[in-house]
Amino acid sequence: MKFLPLVWRNLMRRKLRTFFTFMSIFIAFLLFGVLMAIRAAFSMGVEIAGADRLMMIHKVSLIQLLPRSYMERIRGVDGVTDVSHANWFGGYYQDPGNFIANMAVDPESWLRLYPEFELPEDQKKAWIGNRMGAIVGIDTARKFGWKVGDRVPLISPIYRKPDNSPWDFTIDGIYDSPVKGTDKTQFFFHWEYVNQALQGTPFADHVGWYVIRVADPASSDKLAGRIDALFANSSAETKTATEKAFIQSFASQVGDIGGIMMAIAALVMFFILFVTGNAMAQSIRERTSELGVLKTLGFTDGRILGLVLTESALLAGFGGAAGLAAAWAITSQGDPTGGFLPAFYFPVRDLILGGVLVAVLAFAAGALPAFQASRLQITTALRRA
């Protein structure tokens, strides 16, 4: 600790260089944090997907519908403990730019299958008892200023009323979740309400997909095969997989965003290592004669090594910590895109990884200059004075 003033004076010897090196490290780790938040947003749902939940869709495509009559047959399969269903509604609020994720579901079974969606008991009862009722995630409610009791019209380009009027819903509840990464932007309403209005159309008595809870997650794959066999050779064959596999498959349709983010982050870390190492090496070259004087005064090779590594650690540590803190503060504000990245946050594991990278940068950037400084001969150093 008594040599910290000496280390600080060395850092302040070239203030402009130290400032730009600090800012380079700061921006690199700020970018790292934001990239990890984007990666987490695009893999949203994969990590929190229920291990005991299966998803069943039409064998041909997700946009192909399944008969509602399948529900009771699925419920009768040994190993199935609960089942629900949903339809992607694709509605928007007032203007096509106000798109929200909205689905027609069976309220009671949907809330049983997804206990991470939490809302007060009175709101839950109100929604279940009101066919025109809906619940909305707290993030979307804040975005539009909705509150319980508000009437909300949605226009769906997929499901149109016979008179082409909007679908009217009453906000009966606003859900939240203590589980990090849960999508709190969704809008759920009664499937029966929509289905009744669509009688006489091809959409009537059909659902988009089923969500199935299994008794033993270890046997999910076998159970999925048995369920699909139940509807083999029917007019609507099925494809069943674990919820995690389904979400991963859906996310992969837009590309390996997680891999791209990691590649960019790795490239940034490589360049910042080069920049910081070069700055440290240049600083040591400028102080060769001073290092010779220090050795003359009795500083050992180990102490010289420690001084240079401490200098590197302070520069990388303060810059990296400031960058990670700024990234945490920015991502804590939530989705900056207005709905495109609903689960925008800096995962704790990636924050810890960032701390490890700061430590690695501090050592790697200063290791070679510190070793060269410690091995410097007194006569050689003084001759360069």
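The values are calculated or read from the model by the stated rules, or taken from the named source; none is laboratory data. Nothing here was measured: the structure is a model prediction, and the numbers come from that model. Backbone-built Cβ (ideal geometry, glycine too); neighbour counts: all protein chains shown. Ligands, DNA and RNA are stripped out before the accessible areas are found, and what is left, the full protein with its side chains, is counted by its heavy atoms. Shrake-Rupley method; radii C 1.70, N 1.55, O 1.52, S 1.80 Å.
For Trp88 and Ile330, compute 0.36 nm times the residue count separating them, minus their Cα-Cα distance, and round to one decimal in nm.
In short, 84.0 nm is gained.
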Label-point separation in nm, Ala236 to Gln282, each point 7 Å along Cα→Cβ: 6.8 nm
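Multiply the residue separation of Phe274 and Leu353 by 0.36 nm, subtract the distance between their alpha-carbon atoms, and state the gained length in nm to one decimal. Walk me through the intermediate numbers first.
Values: separation 79, 0.36 × 79 = 28.44 nm, distance 1.97 nm.
Working it through step by step, the gained length comes to 26.5 nm.
Calculate, for region 100-156, the solvent-accessible area per residue in square angstrom, rolling a 1.4 angstrom probe over the heavy atoms of the protein chains.
I get 45 Å² per residue for this part.
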What is the sum of charges around Phe246, taking Lys and Arg as +1, Asp and Glu as -1, for the other residues whose C-beta is under 11 Å from the C-beta of Phe246? +2
When the accessible area of region 36-188 is computed with all protein chains present and a 1.4 Å probe, what percentage of it is carbon and sulfur? 51 percent
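Given the Cα-Cα distance of Arg75 and Ala367 and 0.36 nm per residue of separation, how much length would full extension add, in nm? Let's see the in-between values first.
Working: separation 292, 0.36 × 292 = 105.12 nm, distance 6.33 nm.
Going from the current span to full extension adds 98.8 nm.
My understanding is that a pair violates if its Cα-Cα distance is over 19 Å; which of Lys147/Lys180; Lys143/Lys244; Lys59/Lys161; Lys180/Lys244; Lys124/Lys161; Lys161/Lys184 do that in this structure?
Lys147/Lys180; Lys143/Lys244; Lys59/Lys161; Lys124/Lys161; Lys161/Lys184
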Evaluate E = 1/(1 + (r/R0)^6) for Ile27 and Glu192, where r is the Cβ-Cβ distance and R0 equals 56 Å; express this FRET efficiency to the nearest 0.05. 0.60
Need one number: convex hull volume per residue for region 120-191, Cα atoms only, in Å³. 106 Å³
FRET efficiency for Met12 and Glu116 from the Cβ-Cβ distance with R0 = 45 Å, rounded to 0.05, comes out at 0.30
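Sort 12-22, 358-368 for me by packing, meaning the mean count of neighbouring Cβ atoms within 10 Å per residue, highest on top.
Descending packing order for the listed peptides: 358-368, 12-22.
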